[in-house]
Amino acid sequence: MGFYSKFSEQNLIESYKNQIDYQGQPDKEIIDEIISRGTLEDFQNKIKAQDLFLNEQNRLIREIHGHYMNKLSKQECLSLLSSDLLSDKSIGNLVDRKYNQIHQKVENLKVDSDTLMYSFIGTIIASVVSTIIILAVLYKFIFLSVFSFSLLIPAYIINYWIIRLFTGKTRDNLAVFIASFIATVLNCVYFVLFVN
């Protein structure tokens, strides 16, 4: 019983491809396992079919992205896409999934008046809450006071999550990133005021 005998077909394919990529050729043990399951030619044909499918899917994803950026509706996008490898249903699912993902990313990056307002409110609240938490930790575990400025890292994380809660956006959004940084600077100010 060889090393590859417990590999699923997909794991065997990945191992085979990795060996080709890194060693230039597969080792004898993996070839023996492939032959014990069928022929090497059938196995290589499966790899080619998977690669063709992935290349076709990536081509469609690029087209979908372009159509979204050109502000085409999902229906318009669907009418422009065709594939010999993917069914109409698969293309429809891909369009739905990619349109939703792209829309979420675009919305997340958008800095509007609501994002700015919630970022500002979140900055004030987050800096106060994280300072209270860090000071409580320092009070409870006095030996951590030598690391007090290192505790700005967890303060930043607390600030980020509170601001994210207020804005509904991630740190990829410039306003959220800056607000988290400002809240952490406020933590420094509060630490200096309260620790001294």
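Counting only Cα atoms, the size of the chain along its three principal axes is 76, 52, 24 Å, in decreasing order.
Near R37, within a Cβ-to-Cβ distance under 13 Å, what is the net charge of the other residues, with Lys and Arg +1 and Asp and Glu -1?
Once positives and negatives cancel, what remains is -3.
For region 1-145, the fraction of 1.4 Å probe accessible surface lying on carbon and sulfur atoms is 58 percent.
Nearest 20 debye, what's the magnitude of the dipole of the chain about its Cα centre given +1 on Lys and Arg Cβ and -1 on Asp and Glu Cβ? Numbers along the way, then the final one.
Details: 19 positive and 20 negative charges, 172 e Å.
I would put it at about 820 debye.
Once you've got the Cα coordinates, tell me which of K17/K98; K46/K89; K28/K98 are over 30 Å apart. From K17/K98; K46/K89; K28/K98, over 30 Å: K28/K98.
Think of region 49-147 as a dipole: +1 on every Lys or Arg Cβ, -1 on every Asp or Glu Cβ, centred on the Cα centre; then among L86, I102, L60, I102 lies furthest on the positive end. Mean sequence separation of contacting Cα pairs (under 8 Å, at least six apart), scaled by the length of the chain, corresponds to a relative contact order of 17 percent.
Spherically averaged projected area of the convex hull of Cα atoms, region 1-106: 8.9 nm². Once label points are set 7 Å from the Cα along Cα→Cβ at both Q101 and L80, what is their separation, rounded to one decimal in nm? Reported label-point gap for Q101 and L80 is 1.9 nm.
Once both labels are positioned 7 Å from their Cα atoms along Cα-to-Cβ, the gap between S150 and M69 label points is 4.5 nm. Rounded to whole numbers, the Karplus 3J(HN,Hα) couplings from phi for region 101-115 are 5, 5, 4, 4, 5, 5, 5, 5, 7, 5, 10, 10, 5, 5, 4 Hz, using 6.51 cos²θ - 1.76 cosθ + 1.60 with θ = phi - 60°, and x at Gly and Pro.
Would you mind getting the accessible area per residue of region 1-142, heavy atoms of the protein chains only, 1.4 Å probe, in Å²?
About 68 Å² of surface per residue is accessible.
The values are calculated or read from the model by the stated rules, or taken from the named source; none is laboratory data. What you see is a predicted model; the values in this text were computed from it and never measured. We place every Cβ from the backbone using ideal geometry, glycine too, and count neighbours over all the protein chains shown. Note: areas computed on protein heavy atoms with side chains; ligands, DNA, RNA excluded. Shrake-Rupley method; radii C 1.70, N 1.55, O 1.52, S 1.80 Å.
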